[in-house]
Amino acid sequence: MKPEELPGLRERKRAALKKRLIDTAIDLFLERGYQETRIEDITTAADVSRRTFFHYFSAKDDVVTGRFAQQADYLRETFVARPADEPIWDSLRETCHALFVAYGVNKQRAASLRKLIHGEPALFARKYDFYLRAQAELIPVVKQRLGRQADATLLANVLVRSALAAQDAAGELQAKGTERETPRKLLERAFILARPAGLDERAVR
């Protein structure tokens, strides 16, 4: 087997190409508008065939869903990498902050993308995909950290959903530019407000 045919290398190449398609498409959406951007524009800019595009995506709006999937995968990987003895709520907060650093460090681009998604019904309808995927990725690893605690499944669901709600609220305000706080401070405040009331009583780590 040739080195370029090794399964791990093939997967990395596919992931890299998919990321290039996503990044290229989003750049075009922001530059030209979603409705004005054709699939042919994306494939030309990414230097791939139309057939290649449809190998990864079934429609144009699936590109945004693909980005959501990348973010959800990133959340899982980042949470798993946090110290095992760190309080779970703190791990979730730091995981959400890492997501912002990785995907929202360009404030103007992040705000423009959020505005684009909220302004296009086809894209806004797919926004819920992020929460479903993020929950599917995070809940099992949070439950695993909880171990054999009573109601671990329910508690993992509550923690993850609360964390994602805090992250979304902070991101929304940050994108609107109505807050003077840094994104970090805004996220921290959102997590303080969203912290489940019974968490301290459970002594959850």
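Some points to look at:
- Tally of residues being open to solvent by less than 40 Å² (accessible area, probe 1.4 Å), under 11 Å from the mean Cα position of the chain (by Cα) and closer than 24 Å to Glu31 by Cα across region 102-141: 3
- Being over 24 Å from Leu21 (Cα atoms) and loosely packed, with under 13 Cβ neighbours inside 10 Å is a property that does not hold for Asp168.
- When region 42-96 is filtered for residues that are polar (S, T, N, Q) and open to solvent by 60 Å² or more (accessible area, probe 1.4 Å), the ones remaining, listed by number, are Thr44, Ser58.
- Yes/no for Leu99 being of a type in the set (A, V, I, L, M), assigned to a helix (DSSP H, G or I), under 15 Å from the mean Cα position of the chain (by Cα) and exposed (fewer than 13 other Cβ atoms within 10 Å of the Cβ): no
- Boolean, Gly198 is open to solvent by 20 Å² or more (accessible area, probe 1.4 Å), on the phi > 0 side of the Ramachandran plot and at pLDDT below 80: no
- In region 47-74, the residues that are under 19 Å from the mean Cα position of the chain (by Cα) and of a type in the set (Lys, Arg): Lys60, Arg67
- From the options Leu132, Leu92, residue that is of a type in the set (A, V, I, L, M) and over 15 Å from Leu187 (Cβ atoms): Leu132
- Exclusive hit being at pLDDT 90 or above and touching a helix residue (DSSP H, G or I) at 6+ places or on another chain (Cβ under 7 Å), set Tyr103, Tyr56: Tyr56
- Of all residues in region 162-197, those being assigned to a helix (DSSP H, G or I) and hydroxyl-bearing (Ser, Thr, Tyr) number 1.
- Of all residues in region 142-154, those satisfying the criterion of being open to solvent by 30 Å² or more (accessible area, probe 1.4 Å) and assigned to a helix (DSSP H, G or I) are Lys143, Gln144, Arg145, Thr153, Leu154.
- Single unsatisfied condition, Gly177 versus (1) at pLDDT 90 or above; (2) open to solvent by 20 Å² or more (accessible area, probe 1.4 Å): (1)
- Here Asn157 fulfils each of the conditions (1) touching a Leu at 6+ places or on another chain (Cβ under 9 Å); (2) part of a helix (DSSP H, G or I); (3) closer than 25 Å to Leu199 by Cα; (4) of a type in the set (S, T, N, Q) apart from (1).
- Checking each residue in region 18-39 for being in a helix (DSSP H, G or I) and open to solvent by less than 80 Å² (accessible area, probe 1.4 Å) picks out Lys18, Leu21, Ile22, Asp23, Thr24, Ala25, Ile26, Asp27, Leu28, Phe29, Leu30, Ile39.
The values are calculated or read from the model by the stated rules, or taken from the named source; none is laboratory data. Worth saying up front: this structure is predicted, and the values here are computed from it rather than measured. Cβ atoms come from the backbone with ideal geometry, glycine included; neighbour counts cover every protein chain shown. The accessibility values were calculated without ligands, DNA or RNA, using every heavy atom of the protein model including side chains. Shrake-Rupley method; radii C 1.70, N 1.55, O 1.52, S 1.80 Å.
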